[in-house]
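Here's the structure we're looking at; comments come further down.
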Amino acid sequence: IYSTAKIGDTDTCMVTGILRQSEKIQVPSVINGYEVVAIGDDAFRGMSSESVREIVLPDTVMAVGNYAFYGCSGIKITVNGALTSVGEFAFGNCDALSSVTFGEGLTAIPFGAFSGCMALREIRLPASVVTVCENAFEECAALETVMLYADLTSIEDGAFRFCENIAAIYFYGTAEEFDAINVTENGNSAILEARLYLYSATKPQENGDNAQYWYLDEKGKVRLW
């Protein structure tokens, strides 16, 4: 039921479209002997929730192309893999996408990639991301926490516009390193005004700096010292 394209001289392929819709679309990890590692541009764009209720991607998928799921409003989308490549507006207006995992190697969150994903509550960017582009997470109204690394250099115009519920930034770095990030004020007040927590693997000693610290427990949950 899928149209696919082989990727170079590898034993991998990308899904480029769907030939027959069903209430639940579960993309397989292997099609015709080729491992599915990517979803191509526009592959599921504009799919109607009247005919499709859920789309599930396997953990082999690491790349999602431009507008791949754009406009899939009301459709539950499950991304089981860690994404290392995301296109512009890849998940734009996917208002039932509630979680996504990013893998090392991803260097930027592109223009509008997750705009209108109103069910996202948490974002954990990997250390490899250096830029959050314009409108990347615009109108992610349920977003409460964002995890960032000191290698991040810029957060562009409107990247977190209309994300007023962001309460905490969990930052792998120092307060000085966070201040060094070029955060454009236009449309990013939620990031600038959120409570900043600095990472510490061990319980910090009292030093009067009024900083608050966090760590990850054995289950990967954020905890405060």
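Observations on the structure shown:
- Taken along the Cα-to-beta-carbon direction at a fixed 7 Å, the label points for Asp42 and Thr12 span 2.4 nm.
- Length released on extending from Asp59 to Ser98, taking residue separation times 0.36 nm less the Cα-Cα span: 12.4 nm
- Long-range amide H partners of Leu83 with built H, under 5 Å: Thr101, Phe102, Gly103
- Farthest toward positive dipole pole in the chain [+1 Lys/Arg, -1 Asp/Glu at C-beta], among Leu97, Ser22, Trp225: Ser22
- Nearest-0.05 FRET efficiency for Lys219 and Asn186, computed from C-beta distance (R0 45 Å): 0.75
- Per-residue HN-Hα couplings for region 97-103 [Karplus 6.51, -1.76, 1.60; θ = phi - 60°; Hz; x = Gly/Pro]: 7, 9, 7, 8, 10, 9, x
- FRET efficiency for Leu196 and Ile1, using Cβ-Cβ distance with R0 set to 45 Å, rounded to 0.05: 0.45
- Theoretical gain in end-to-end length, Glu176 to Leu19 [0.36 nm per residue, Cα-Cα removed]: 51.3 nm
- Close amide H contacts of Gly17 (hydrogens built in the peptide plane, cut-off under 5 Å, sequence separation of 5 or more or a different chain): Ser3.
- Proximity of backbone amide H atoms, modeled 1.01 Å from N, is registered between Gln212 and Leu198 at under 5 Å, excluding neighbours fewer than 5 places apart on the same chain.
- Note that region 159-174 has calculated 3J(HN,Hα) couplings of 4, 10, 5, 6, 10, 5, 8, 5, 10, 9, 10, 9, 10, 7, x, 9 Hz, one per residue in order, obtained from phi through the Karplus relation 6.51 cos²θ - 1.76 cosθ + 1.60 (θ = phi - 60°); glycine and proline are x.
- Whole-angstrom gap from region 172-225 to region 36-105, using each part's C-alpha centre: 29
- Using Cβ point charges alone (K and R +1, D and E -1), the dipole size of region 1-145 about the Cα centre works out to roughly 300 debye.
- Karplus-derived 3J(HN,Hα) values for region 30-36, using 6.51 cos²θ - 1.76 cosθ + 1.60 with θ = phi - 60°, are 9, 10, 6, x, 10, 6, 7 Hz; glycine and proline are entered as x.
- Accessible surface calculations at 1.4 Å, restricted to protein heavy atoms, place the chain at 48 Å² per residue.
- Taking the accessible area of region 46-108, probe 1.4 Å, and keeping the other protein chains in place, the carbon and sulfur fraction comes to 43%.
The values are calculated or read from the model by the stated rules, or taken from the named source; none is laboratory data. Quick caveat, the model's predicted, so the values are computed rather than measured. Glycine also receives a Cβ, built like all others from the backbone with ideal geometry; neighbour counts cover every protein chain displayed. The accessibility values were calculated without ligands, DNA or RNA, using every heavy atom of the protein model including side chains. Shrake-Rupley method; radii C 1.70, N 1.55, O 1.52, S 1.80 Å.
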